[in-house]
1. At least 2 residues that are over 18 Å from ARG277 (Cβ atoms), at pLDDT 85 or above and within 22 Å of the chain's Cα centre (by Cα) in each: list the strands (runs of 3 or more DSSP E) lying fully within region 1-77 that qualify.
2. Inspect all residues belonging to region 123-132 and state whether any of them is surrounded by fewer than 16 Cβ atoms within 10 Å (Cβ to Cβ) and closer than 18 Å to THR211 by Cβ.
3. Any residue in region 233-244 that is part of a loop (DSSP other than H, G, I, E, B) and not small (Gly, Ala, Ser)?
4. Within region 157-184, can you find the residues that are crowded, with 16+ Cβ neighbours inside 10 Å and touching a residue at least 40 places away in the same chain (Cβ under 8 Å)?
5. Check whether at least one residue in region 101-121 is part of a loop (DSSP other than H, G, I, E, B), hydrophobic (A, V, I, L, M, F, W, C) and outside the structural domain of LEU229 (by TED's automatic domain parsing), and report yes or no.
6. Scan region 124-133 and tell me whether some residue there is part of a helix (DSSP H, G or I) and under 28 Å from the mean Cα position of the chain (by Cα).
7. Regarding ALA142, is this residue in contact with a Ser or Thr (Cβ under 8 Å, 6 or more places away or on another chain) and either surrounded by 19 or more Cβ atoms within 10 Å (Cβ to Cβ) or in a helix (DSSP H, G or I) (or both)?
8. Can you name every residue in region 239-251 that is in contact with a helix residue (DSSP H, G or I) (Cβ under 6 Å, 6 or more places away or on another chain) and within 30 Å of ARG20 (Cα to Cα)?
Amino acid sequence: MTVAGVDVGRSTIRLRVGDRTVEVPRGGGELLDELRAAWPGEPVDAVAVGLAGLLTLTGDPLRLQRELAALCGTPAVILASDVLTSHAGALGLTPGVVVAAGTGAVALGTDLSDIWVRGDGWGHLLGDDGSGAWIGAAGLRAALRAHYGRAGGSAVLLERLVARFGAPDALPAQLYPHADVARRLAAFAPEVADVAPEIVAEAGRRPAGTTRAALHPGLPRRVSWAGGLWRLPGLLPAFQDELADVELVPPRGDALDGAVALARLALADPARLPANREYLRSPA
């Protein structure tokens, strides 16, 4: 039997159908249209799709399930929150806490049954502490302090700002009118990591606090991580230093691996699929 996993990110859609993995850029269009364009065309026996904001941002999950069932040739369509697919990929469907950090940042502590504790994931305006957007914004603030001669500014980050965005006074127009402002902020994070290790170290400490908030007393003190942001130099060591008293487990896989694991579980033992509808919608 063939299963498929899909990881819908802010900038790309990744699919794995059988042994084949495909990555395509998102064009900012309607999600169903983008999935139709990305789908390789062959039917599968089960598919799991990881999405940001499963209930709050997806719109009509039931319609999405029906459309995907027609597209993929199977009624066994699972919609999952991307933090759940990240958890499943990192810890392999076992209990513990996983903190996912990319453009945003969110932690999930769960036993995949009765305990579900989320930390952060509130978006770049309200939270996402230590995320790529947070790092980018912190770097831009330091650059602007240098531009206006305020204490705590960074002349080198100001140079990076000008090289990337142009004149500092034009920066608001480069960010505020755009729907993808969080992605634009996060795109500056590698520049910050190059020249401001103190900002990156603080970014590593912040999701450690989010992780502690998700460490429910009923869970094993096992913590893993997910997302591309951890590749920034200095971020992971700062995170690990803050959590020296818990068991830190290197991730087994990523969010796409987690989606595939959920699709396989739907075929092998669907009764074991998590029943929390905030994080997973089982096959209709």
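1. Numbers: elements: 3-8, 12-17, 20-25, 46-51.
In region 1-77, the matching strands (runs of 3 or more DSSP E) lie at 3-8, 12-17, 20-25.
2. Scanning region 123-132, I find no residue that is surrounded by fewer than 16 Cβ atoms within 10 Å (Cβ to Cβ) and closer than 18 Å to THR211 by Cβ, so the answer is no.
3. Yes: one or more hits.
4. VAL181, ALA182, ARG183, ARG184
5. The first filter runs over region 101-121 and keeps only residues part of a loop (DSSP other than H, G, I, E, B), leaving 102-104, 111-115, 121.
Then drop every residue that is not hydrophobic (A, V, I, L, M, F, W, C), which leaves 112, 115.
Now restrict to residues that are outside the structural domain of LEU229 (by TED's automatic domain parsing): none.
Looking for residues that are part of a loop (DSSP other than H, G, I, E, B), hydrophobic (A, V, I, L, M, F, W, C) and outside the structural domain of LEU229 (by TED's automatic domain parsing), one finds none in region 101-121, hence no.
6. Taking region 124-133 as the starting set, the residues that turn out to be part of a helix (DSSP H, G or I) are 132-133.
Next cut, under 28 Å from the mean Cα position of the chain (by Cα) only: 132-133.
Yes, region 124-133 has at least one match.
7. Values: in contact with a Ser or Thr (Cβ under 8 Å, 6 or more places away or on another chain): yes; either surrounded by 19 or more Cβ atoms within 10 Å (Cβ to Cβ) or in a helix (DSSP H, G or I) (or both): yes.
Spelling it out, ALA142 is indeed in contact with a Ser or Thr (Cβ under 8 Å, 6 or more places away or on another chain) and either surrounded by 19 or more Cβ atoms within 10 Å (Cβ to Cβ) or in a helix (DSSP H, G or I) (or both).
8. Across region 239-251, the qualifying residue is only PRO251.
The values are calculated or read from the model by the stated rules, or taken from the named source; none is laboratory data. All figures in this text were calculated on a predicted structure; none of them were measured in a lab. Using ideal geometry, Cβ is built from the backbone for each residue, glycine included, and neighbour counts are taken over all protein chains shown.
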